[in-house]
Amino acid sequence: MKFEPLELIFFGICTLLTLVGGVGTVAARNPIRGAMGLLSTIVGIAGMYLLLSAEFLAAIQIMVYAGAVVVLFLFVIMLLGPSATSGRDTRGWSARYLGAGLFLLGSIVTLALLKGTSAGVTAMPKAPPMLGTIEGLGHELFTTGVGPFEISSALLLVAVVGAVAVARGKQIDPTMLTVKDPAEPKAAPQKPATKAEPTKEHA
């Protein structure tokens, strides 16, 4: 399977955006910079969807994740303040290095196993014309995937009804509240009772 030079350049740019954005999201101390790193990762993934002839998924990736989720993160950051941080991590550097080493070792073992079992690069067949388009997705959604689609709609409806029921259960009943009439005369404050002074007996 041959790639065009422009496709390789575009893939390299998308890979760079994804990797740099992911590392920036994890390593950034400023939450605003972390959100910008997440945005860079989302844009890179959307570009990879375009290379896979999935234009609809690329558009959804930009509109939903970049246009809604990242904006929601920024609103939360502005509400809490950019200097809001979580509690300090009490773990030492030894535990972090041990976790990173185990992850690296597992990755190397996984790549070695994949290299030993692979029989070579297999060329993928050419994608059909309707793959990744809105027409193709709608056809699959309302023919072979209509059952799971309706089940997911029912689950979302149940979740919304449950959330409303839980929210209403925590509200205070307005009939239990007593409101004083402002025209009602206020009772005069009572003076505290004073002790009687002892009287002296006269001889």
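Exactly one residue among GLY24, GLY44 is in a helix (DSSP H, G or I) and either out of contact with any Ser or Thr (no Cβ under 8 Å at 6 or more places or on another chain) or modelled with pLDDT under 90 (or both), and that residue is GLY24. Is segment 140-149 home to any residue that is out of contact with any helix residue (DSSP H, G or I) (no Cβ under 8 Å at 6 or more places or on another chain), surrounded by 11 or more Cβ atoms within 10 Å (Cβ to Cβ), in a helix (DSSP H, G or I) and not polar (S, T, N, Q)? Within segment 140-149, one or more residues are out of contact with any helix residue (DSSP H, G or I) (no Cβ under 8 Å at 6 or more places or on another chain), surrounded by 11 or more Cβ atoms within 10 Å (Cβ to Cβ), in a helix (DSSP H, G or I) and not polar (S, T, N, Q). Residue pairs whose Cβ atoms lie under 8 Å apart, sitting 6 or more positions apart in sequence or on different chains, and linking a residue in segment 50-72 that is farther than 19 Å from GLY34 by Cβ and at pLDDT 85 or above to a partner that is loosely packed, with under 13 Cβ neighbours inside 10 Å and of a type in the set (D, E, K, R), are LEU51/GLU7. Number of residues in segment 27-86 that are farther than 30 Å from GLY138 by Cβ, among the polar types (S, T, N, Q) and surrounded by 15 or more Cβ atoms within 10 Å (Cβ to Cβ) equals 1.
Quick check: is even one residue across segment 81-89 modelled with pLDDT under 85 and touching a helix residue (DSSP H, G or I) at 6+ places or on another chain (Cβ under 6 Å)? The answer is yes; a qualifying residue exists.
The values are calculated or read from the model by the stated rules, or taken from the named source; none is laboratory data. The model shown is predicted, which means the values in this text are computed figures rather than measured ones. Note: ideal-geometry Cβ built from the backbone for every residue, glycine included; neighbour counts use all protein chains shown.
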